[in-house]
Amino acid sequence: MIPDVQSWPDDRGIGLDEVGITGVRYPVSVFDAGHGKQDTVAGVTLSVSLPPEKKGARLSRFVEVLDAHAGEVTPQTIPVILTALQDRLGSPAARLHLRFPYFLRRSAPVSGATAMMDYECGITASARGDDVRLAISARVPVTSVCPCSKAISDYGAHNQRSHITIEAEPAAGVGPAQAPVWLEGLITAAETTASSPVFPLLKRADERQVIMHGYDHPVFVEDMARGVTERLRADSWIARFTVEAASDESIHDHSAFARLSWPPHR
């Protein structure tokens, strides 16, 4: 008989917060406001807590659970996945993290030319017993024009690629029916706060419009973080969120960032 070493007892009395697998790439389907769901490829981390009396976890079971549920990953199915991890691994707590490219078709502001834009998004969920917590995240590329450089310069202003990263937890009682608007809502909040969105396709007339629009809407990283907060704190589906705005400065050898959590930490 092949020995089952992971099931052997451990006498050190030390439990582990998380044991699992990471770096797994797997095809999944996630919720999509425009089409119901979207097929993509996710980087996956799965884990469970390990009681002190257990030597190890049976890692093959993580892949079995993932494969059984990879066809659809939504707020409706995530609790089912976490319960399956708890049951198959014999653990009171389980955690799932997905990071994936999420695609939206974007139109240029003047010509109307369209192309696909990808956003780095994520889903993090954890369960302890029947208590499930869910968070979604989006990292959104934008353009920011420096208000200071505009005010002091005779010729234009410096601008740069920036990123706004938002992670939000749905409020209690918010049902899965609202799920399709979540990622798009975070992306829109970020893009409308910056000097300008980033576009996948621009013709010359579009480029002119984007440059002038950005010049007319200069923002610091502080402005972007506060602007996102103004928008998201009014959304009834969000219980709490964090936002970080970061700019890869074009005239400095450093980057700038601003970060906050809402509600504020006391």
*Mind checking whether some residue in the range 131-139 is of a type in the set (A, V, I, L, M, F, W, C), touching a residue at least 40 places away in the same chain (Cβ under 8 Å) and farther than 21 Å from Val243 by Cα?*
yes
_Please pick out the residue among Thr143, Thr165, Thr124 that is touching a strand residue (DSSP E or B) at 6+ places or on another chain (Cβ under 7 Å), within 29 Å of Glu53 (Cα to Cα) and assigned to a strand (DSSP E or B)._
Thr124
*Failed item in (1) under 26 Å from Trp182 (Cβ atoms); (2) surrounded by fewer than 20 Cβ atoms within 10 Å (Cβ to Cβ), with Ser60 passing the rest*: (1)
*asked:* Name the residue that is farthest from Val145 (Cα to Cα), counting only residues in the range 240-266 that are touching an Asp or Glu at 6+ places or on another chain (Cβ under 7 Å) and touching a residue at least 12 places away in the same chain (Cβ under 8 Å).
replied: Arg240
*Right, Leu202: at pLDDT below 95, under 27 Å from Ser111 (Cβ atoms) and crowded, with 17+ Cβ neighbours inside 10 Å or not?*
no
*Go through (1) aliphatic (A, V, I, L, M); (2) touching a Ser or Thr at 6+ places or on another chain (Cβ under 9 Å); (3) closer than 25 Å to Glu249 by Cα; (4) assigned to a helix (DSSP H, G or I) one by one and return the number of the condition Met212 breaks.*
(2)
*Would you call Thr165 surrounded by fewer than 17 Cβ atoms within 10 Å (Cβ to Cβ) and hydroxyl-bearing (Ser, Thr, Tyr)?*
no
*Which of (1) buried (at least 18 other Cβ atoms within 10 Å of the Cβ); (2) under 30 Å from Met116 (Cβ atoms) does Gly71 not meet, given it meets every other one?*
(1)
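The values are calculated or read from the model by the stated rules, or taken from the named source; none is laboratory data. The structure displayed is predicted, hence computed values, not measured ones. Positions of Cβ are generated from backbone atoms using ideal geometry, with glycine treated the same way; all protein chains shown enter the neighbour counts.
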